[in-house]
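Visitor: I'd like to ask some things about the structure below.
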Amino acid sequence: MQNWILSILTVSILTVYSTPISAQGTTAIRAGRLIDGTGTPAREDMVIIVRGDRIETVGSASEVVIPPEARVVDLSQYTVMPGIVDAHAHLSIRPDVRTLAGQLEGMTQPDAKQMARIVRNIRVQLLSGVTTLYVVGEVHYNDIHAAEAVADGVIPGPRIYPSGNFISTTAGHGPAEYRTTNGPWEMRRFVRTNYEMGAHHMKLTVTDRARVGPNSGTPYAPGESNFTREEMEAAIGELHRLGIEATAHANGESIRLAVEAGINSIQHGGNLTEDLMDLLVERNVGFVNTYTISYQGVFDEWDFLDNQANDIQEWFDRCRTVVEEALARSERRLRGLQSRYVQLRRAKQKGVLVGIGTDSMHGLMALEMENLVNAGFTPLEAITAATGINAKIVGIDEEVGTIEAGKYADIISIDGRPDENIRDLEKISFLMVGGRIHDLSFR
């Protein structure tokens, strides 16, 4: 009897957390409409040939010859687009009304508990159409382990580009056990260790404080760097010497120091002034805007996600309601959002590369894109920000972000026209990561 029950439980677990439902081979996708992620308007009646985990050919149905051995996927009634790239992801944490304190507590919990959350968090990311997660800080190399588990097919999820552990200074921002790196040689040592463990890139937490002691936040002014120039140049220089990129949690004037020290991309990028925007354009450095995380102080919806939501659309709708109600209650919050919209529009006008990420508001890239549209971007511009531009900002555009020959076959389809109505992004009808088709079952 016990063996029979164990067998049933095993089958149930494998059903819920199954590997992708189809093996790699040759697949021909018929696309009714194709948004390729480059910013080009949608094209109709297209064909994509996928061989193995890569895109081999993209062209009009009248020109592309479908190989006889190919399995044909008919998406002629849908809009096909690249899988979404979340360019600012933390895998293990879940924000709540305690804001940063809640996040930091989550990172002190046992690794087994953190990994259990990661499995759930990356699953909802996947079902929301995200096929790439660019991680910007974890603990105990949990993101590296998760990336390996996904790549090996142990758990389903988006492709993960891991950062390894945070790089932070004493009294800086991030988990306590990593707020210990001071001076240029300690920076180099930390970078080398993180790299050895498998980090694809690394993040420096340049601004914000730990918020744990009576003097937390002083004597530094808002936007001032936790790092000295010497520390920052040492960390970034060592990263570049190893051939990998550096990104920075930075706002205000600390952005200038990070860019002048050679940073490759900026995360958050709050309090952008005209001259900072000009500097970003001059150095070809983009920034990743993070919108939904600003609502963590009124957010406590994880039980709904885990135990009540029946599909991804219910998750979007529930979270959108939380955001709208928070804005309706707070004139200060609304003024802050309108001020940020001015910065985003001006950055776009100046030619700054503007990307987006969820931080740790898992599965809400659709709301991040809606936010750009509310700021004055067109729906197509918002989609491009979440695909091709995101990949370019964080230096992975040779592999992901657009539907072009040679890129990974990360492809989704939408039942609607998201380049006309951004809310159609909720209607995901097909999901492929690296040539493998994934089940869209929510539970």
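The values are calculated or read from the model by the stated rules, or taken from the named source; none is laboratory data. Just so it is clear, the structure is predicted and the values come from calculations on it, not from any experiment. We place every Cβ from the backbone using ideal geometry, glycine too, and count neighbours over all the protein chains shown.
Visitor: On the given criteria, is F430 in a loop (DSSP other than H, G, I, E, B) and of a type in the set (A, V, I, L, M, F, W, C)?
Guide: Numbers: in a loop (DSSP other than H, G, I, E, B): no; of a type in the set (A, V, I, L, M, F, W, C): yes.
Judged against the criteria, F430 is not a match.
Visitor: Would you point out which residue out of N142, N182, N165 is in contact (Cβ under 8 Å) with a residue 12 or more places away in the chain, among the polar types (S, T, N, Q) and in contact with a strand residue (DSSP E or B) (Cβ under 8 Å, 6 or more places away or on another chain)?
Guide: Working: N142 fails: in contact with a strand residue (DSSP E or B) (Cβ under 8 Å, 6 or more places away or on another chain); N182 fails: in contact with a strand residue (DSSP E or B) (Cβ under 8 Å, 6 or more places away or on another chain).
Only one candidate passes the filter, namely N165.
Visitor: Does E177 fit the bill of being modelled with pLDDT under 85, assigned by TED's automatic domain parsing to the domain that holds I93 and in a loop (DSSP other than H, G, I, E, B)? Spell out the reasoning first.
Guide: Working: modelled with pLDDT under 85: yes; assigned by TED's automatic domain parsing to the domain that holds I93: yes; in a loop (DSSP other than H, G, I, E, B): no.
No, not satisfied.
Visitor: A further question on this structure: Across segment 247-279, what is the total count of residues that are farther than 18 Å from G357 by Cα, part of a loop (DSSP other than H, G, I, E, B) and without any contact (Cβ under 8 Å) to a residue 40 or more places away in the chain?
Guide: Total meeting the criteria: 4.
Visitor: Which is among the acidic types (D, E) and either at pLDDT below 70 or farther than 23 Å from G153 by Cβ (or both), of E44, E56? Spell out the reasoning first.
Guide: Values: E56 fails: either at pLDDT below 70 or farther than 23 Å from G153 by Cβ (or both).
Among E44, E56, only E44 is among the acidic types (D, E) and either at pLDDT below 70 or farther than 23 Å from G153 by Cβ (or both).
Visitor: Which condition number does D439 fail, the rest of (1) surrounded by 22 or more Cβ atoms within 10 Å (Cβ to Cβ); (2) under 21 Å from I155 (Cα atoms); (3) of a type in the set (D, E, K, R) being met?
Guide: Single failed check for D439: (1).
Visitor: A further question on this structure: Filter the helices (runs of 4 or more DSSP H) completely within segment 315-412 down to those with at least 3 residues that are surrounded by fewer than 18 Cβ atoms within 10 Å (Cβ to Cβ) and either modelled with pLDDT of 95 or more or not assigned by TED's automatic domain parsing to the domain that holds I29 (or both). Steps first, please.
Guide: On the way: elements: 331-350, 365-375, 379-384, 390-393.
Those helices (runs of 4 or more DSSP H) span 331-350.
Visitor: Looking at (1) crowded, with 19+ Cβ neighbours inside 10 Å; (2) of a type in the set (S, T, N, Q); (3) modelled with pLDDT of 95 or more; (4) outside any loop (DSSP other than H, G, I, E, B), find the lone condition where S163 falls short.
Guide: Answer for S163: the failing condition is (4).
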